[in-house]
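The values are calculated or read from the model by the stated rules, or taken from the named source; none is laboratory data. The shown structure was predicted, so the numbers you read here are calculated from the model rather than taken from an experiment. Cβ: placed from backbone, ideal geometry, glycine included. Neighbour counts: every protein chain shown. SASA here: full protein model, heavy atoms, side chains in, ligands and nucleic acids out. Shrake-Rupley method; radii C 1.70, N 1.55, O 1.52, S 1.80 Å.
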Amino acid sequence: MTADDQDERRARREKRQNRLNRDMLVKLVAFVGVMGCFAYAMIPMYKTICEVLGVNVVARGDADAVGYRGKGAPVNSQVDLARNVTVEFDANARGPWEFHPAQSSVVVHPGEMTTVMYEFRNTQSRTMTAQAIPSYAPGVAAGHFTKVECFCFTQHTLAPGESKTWPVVFYVDDKLPKDVQRITLSYTFFEVGGTTPPAPSGQRESKPNA
């Protein structure tokens with residue numbers, strides 16, 4: 001085999017290797033692009049799956065209201081001044097602590113933003129972490145009761161003897177059925193890590209339909 005033949009064979013090998021390298025690079029770039037699109041799509045897919053299965057979600061009104069935090073409270077643009085709804089507040093403490101609303105009830109107009117306070121005190125001699133579960137009566141009110149700010153959105157850790165006062169900012173939808181003139185908002189406060197108690201009365205927090 002002459003030197004020219006060897007050079008030609010070597011050139012063909014290099015050309016073939018370069019072509020394989022280019023093909024591999026194209027495949028890697030395409031793979032990275034596909035995985036990037038898949039990862040981006042996973043966020044809405046995850047939210048949709050969680051909503052369908054009812055995992056780690058709150059009522060639709062509360063889920064919408066969470067977006068308001070950091071944007072400022074929504075403006076009351078549609079307040080039905082011709083209609084009154086009485087909202088009663090209840091508290092159930094499942095454990096050795098004090099938990100109660102600062103007022104027993106309030107009369108509101110549908111669409112009117114209202115704030116009430118809940119008071120909590122850890123009477124134990126140890127630090128505890130707890131969270132509240134809301135429920136509504138009648139059950140139909142759950143879909144028309146929006147909490148813009150609520151201590152039930154997160155867990156809370158309190159030192160022995162520590163007291164806290166938390167606000168609940170809410171409004172009642174003006175589409176609340178006309179025959180509903182009274183709503184009871186009830187919270188059950190339980191220690192995280194224990195057995196979650198059932199909702200005290202009425203219906204549990206409703207799940208999104210979408």
(message) Anything in the stretch 151-174 that is farther than 21 Å from Ser105 by Cα and in contact with a helix residue (DSSP H, G or I) (Cβ under 9 Å, 6 or more places away or on another chain)? List them, or say none.
(response) Phe153
(request) Output the residue which, of all residues in the stretch 119-128 that are open to solvent by 40 Å² or more (accessible area, probe 1.4 Å) and not in a loop (DSSP other than H, G, I, E, B), is nearest to Asp90 (Cα to Cα). (result) Glu119
(request) Output the residues belonging to the stretch 159-197 that are surrounded by 15 or more Cβ atoms within 10 Å (Cβ to Cβ), more than 22 Å from the chain's Cα centre (by Cα) and assigned to a strand (DSSP E or B). (result) Ile183
(message) Among the residues in the stretch 132-150, are any in contact with a strand residue (DSSP E or B) (Cβ under 6 Å, 6 or more places away or on another chain), in a loop (DSSP other than H, G, I, E, B) and in contact (Cβ under 8 Å) with a residue 40 or more places away in the chain?
(response) yes
(request) Only one of these is in contact with a strand residue (DSSP E or B) (Cβ under 8 Å, 6 or more places away or on another chain), modelled with pLDDT under 90 and not in a strand (DSSP E or B): Pro110, Pro74. Name it. (result) Pro74
(message) within 23 Å of the chain's Cα centre (by Cα) and surrounded by 16 or more Cβ atoms within 10 Å (Cβ to Cβ): which single residue out of Val116, Val108, Val85 fits that description?
(response) Val116
